[in-house]
Amino acid sequence: MLSRRDFLGYGSALAAFASVKINPLFANRLPGAFSKGYGSALPSQAQEPDSALLDRARALLKEAPLIDTHNDLPTMLLELHGDLSRYDLGEVQPSLCADIPRLREGRVGGQYWSIFVESATQRTHTSLHEAMREFDVALRMIRSQPGFEQARTADDIERIHKAGRIACLLGVEGGHMMENSPAVLRTFYELGARYMTLTHWDNIDWADSATDRTEHYGLSGFGKQVVHEMNRLGMFVDISHVSADTMRDALSFSRAPVIFSHSSAFAINPHPRNVPDDVLRKLASNGGVVHANFIKEFISSKNPAWQQQRTKALAELHTHLDADEAGKTRTRTHGRRSPRLPTTSIIFGMLQASIMSALARISMMLAITRWRKAWMM
Ligand SMILES: [Zn+2]
């Protein structure tokens with residue numbers, strides 16, 4: 001399982017590298033490189049793109065805004081206590097997953113900033129509180145930059161893009177944050193959220209996650225009402241992270257196109273979080289889209305095999321260590337330093353104390369005897 005911090009680490013490593021070598025305009029070169037691991041393979045495989053194709057791509061992206069549906073920068077900033085003064089987003093910041101120069105280099109016209117809170121906060125009933133902290137930092141971040149402007153409608157995105165700024169939208173990554181309250185969902189919309197991912201890594205009260213046990217077999221009755229309310233408000237139903245049955249239910253019950261904000265294809269890599277072929281076919285008739293995720297755990301079919309090899313190697317290592325430890329124990333048992341049971345040690349200690357005590361008494365008696373003899377003499 002990929003922890004949030006690992007995920008962000010990969011994101012920032014990718015972004016840091018992207019600032020040096022990779023322009024998303026020639027992202028078609030990435031999959032082969034990423035399948036070998038971004039750490040070593042990318043630098044040697046980056047090539048100069050065809051300048052005519054690049055010019056054409058830039059012209060197209062000037063006309064039509066490129067929209068990225070998932071960026072974790074607000075979470076990274078919140079981990080820095082929400083202190084926006086620590087980094088100037090107007091300059092390249094290699095330790096962060098995004099900044100304005102790199103968004104511009106990638107010709108990003110619209111950016112959904114992720115409002116993310118761990119789904120484990122369901123157990124402490126703090127999901128909504130933490131979500132408010134994320135909204136706060138994301139909105140402050142957007143307003144702190146002249147190159148950003150918050151978009152609330154499709155028309156806003158086009159207007160902001162034409163004005164040369166980056167249109168900023170918000171996406172709530174996990175239905176647990178609404179704490180089963182349609183009122184909270186509507187308030188998220190008022191704050192600017194334009195999609196909500198139905199689950200994150202764990203099941204919630206009304207929907208199954210791809211990475212948890214089967215509980216609701218998709219969406220519960222309340223889950224279907226949530227989908228309808230999102231349709232009514234004008235929020236995308238995001239079915240990244242959810243189980244395949246939840247994907248199918250959302251596609252059946254949504255009255256508007258749905259999105260996968262960051263998912264990959266199950267047929268390429270059978271990770272439970274990826275999209276199966278029957279869902280992809282259903283998505284086409286729904287008019288929805290999949291925004292591809294390029295985290296290596298989700299795109300590389302080699303990763304499960306690598307994980308299995310790693311688990312096997314670790315098990316073998318533990319077996320060797322255990323055998324080695326058992327061997328040492330046998331050696332001690334057969335040698336002079338045989339281990340003693342605690343009670344044996346206690347008894348032995350008591351005997352030692354008794355003997356020492358007896359010796360002490362004998363020594364004292366001898367001393368007294370010598371003293372008496374001396375005194376009597
Ligand atoms: Zn995610």
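Collect the residues in region 62-96 that are in contact with a strand residue (DSSP E or B) (Cβ under 7 Å, 6 or more places away or on another chain) and over 18 Å from Asp136 (Cα atoms), keeping them in residue-number order. Within region 62-96, Pro65, Leu66, Ile67, Asp68, Thr69 meet the criteria. Annotation note: Cβ proximity below 8 Å between a residue of region 253-272 that is over 21 Å from Gly223 (Cα atoms) and a residue that is more than 13 Å from the ligand (Cβ to nearest atom) and in a loop (DSSP other than H, G, I, E, B) (sequence gap 6+ or interchain) occurs for Phe266/Pro276; Ala267/Pro276; Ile268/Ser301; Asn269/Ser300; Asn269/Ser301; Pro270/Ser301.
Among the residues making up region 178-218, a single one is within 18 Å of the chain's Cα centre (by Cα) and among the aromatic types (Phe, Trp, Tyr): Trp201. In region 65-78 there is at least one residue matching the filter, namely being in a loop (DSSP other than H, G, I, E, B) and surrounded by 12 or more Cβ atoms within 10 Å (Cβ to Cβ).
The residues on offer are Asn274, Asn269, and the sole one that is closer than 30 Å to Leu233 by Cβ and either at pLDDT 75 or above or not assigned by TED's automatic domain parsing to the domain that holds His70 (or both) is Asn274.
Of the residues contained in region 239-247, none is found to be in contact (Cβ under 8 Å) with a residue 40 or more places away in the chain, more than 16 Å from the ligand (Cβ to nearest atom) and either touching a strand residue (DSSP E or B) at 6+ places or on another chain (Cβ under 6 Å) or of a type outside the set (Gly, Ala, Ser) (or both).
Residue-wise test of (1) assigned to a helix (DSSP H, G or I); (2) among the hydrophobic types (A, V, I, L, M, F, W, C); (3) on the phi > 0 side of the Ramachandran plot.
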site: Lys224; (1), (2), (3): yes, no, no
site: Met230; (1), (2), (3): yes, yes, no
site: Leu251; (1), (2), (3): yes, yes, no
site: Arg255; (1), (2), (3): no, no, no
site: Asn269; (1), (2), (3): no, no, no
site: Arg273; (1), (2), (3): no, no, no
site: His291; (1), (2), (3): no, no, no
site: Ala313; (1), (2), (3): yes, yes, no
site: Leu317; (1), (2), (3): yes, yes, no
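Close contacts from region 110-133, counting a first residue that is closer than 22 Å to Ala210 by Cβ and a second that is within 14 Å of the ligand (Cβ to nearest atom) and assigned to a helix (DSSP H, G or I), with Cβ to Cβ under 6 Å and a gap of 6+ residues or different chains, come to Ile115/Glu134; Phe116/Thr75; Val117/Met177; Ser119/His176; Gln122/His176; Ser127/His176; Ser127/Met177; Ala131/Met177. Note on region 266-292: residues that are within 16 Å of the ligand (Cβ to nearest atom) and surrounded by fewer than 18 Cβ atoms within 10 Å (Cβ to Cβ) amount to 3. Do we find a residue being among the acidic types (Asp, Glu) and closer than 23 Å to Leu66 by Cβ anywhere in region 105-116? Looking for residues that are among the acidic types (Asp, Glu) and closer than 23 Å to Leu66 by Cβ, one finds at least one in region 105-116, hence yes. Scanning region 104-135 for residues that are surrounded by fewer than 15 Cβ atoms within 10 Å (Cβ to Cβ) and farther than 17 Å from Met178 by Cβ turns up just one, Arg104.
The values are calculated or read from the model by the stated rules, or taken from the named source; none is laboratory data. Just so it is clear, the model here is predicted, and its values are computed rather than measured. We place every Cβ from the backbone using ideal geometry, glycine too, and count neighbours over all the protein chains shown.
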